[in-house]
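The structure appears below as structure tokens.
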Amino acid sequence: MTSESEPQQKSLKRLTWQYENCLACVWFSPNDPINADLMERGRCIHPKLKAYNLIVSGRDWCNLFKEIAQKHIEALQERAMKAEEKMGYTHSEAEMRARRPETRSGPVKRPAS
């Protein structure tokens, strides 16, 4: 191995932990399945861990990983889109509501000006 390729090899090794993270796991239940990414938070619904009500992000990982199939991802997204349509939201309205702090945990207390 040459000294030029050694730094490249080290950087590749550091990236491998990203593989098999929660975002790609069948046990990850994201808050927003339509727009889920590595920063998305959700619940871990693994039968052994469900009782702990764990909130994890898409970039987390553990030794109980089981890869989710693309068909499963598409089914989750389709179900979420149908639920939004039932509530009367367009996709963009639902995305905006999900990103507003008031809709996640009640009204946000703003300081008096």
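The values are calculated or read from the model by the stated rules, or taken from the named source; none is laboratory data. Just so it is clear, the structure is predicted and the values come from calculations on it, not from any experiment. Every residue, glycine as well, gets a Cβ built from its backbone with ideal geometry; the counts of neighbours run over all protein chains shown.
So the values come out like this:
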| read-out | value |
| --- | --- |
| LYS86 vs. criteria in a helix (DSSP H, G or I) and modelled with pLDDT under 90 | yes |
| Scan of the stretch 50-84 for residues that are of a type in the set (Gly, Ala, Ser), free of Cβ contacts under 8 Å to residues at least 40 places away in the same chain and surrounded by 15 or more Cβ atoms within 10 Å (Cβ to Cβ), ordered by number | SER57, GLY58 |
| Pair list, Cβ < 8 Å and 6+ apart or interchain, from the stretch 22-46 residues that are without any contact (Cβ under 8 Å) to a residue 60 or more places away in the chain and closer than 10 Å to GLY58 by Cα to residues that are assigned to a loop (DSSP other than H, G, I, E, B) and of a type in the set (Ser, Thr, Tyr) | none |
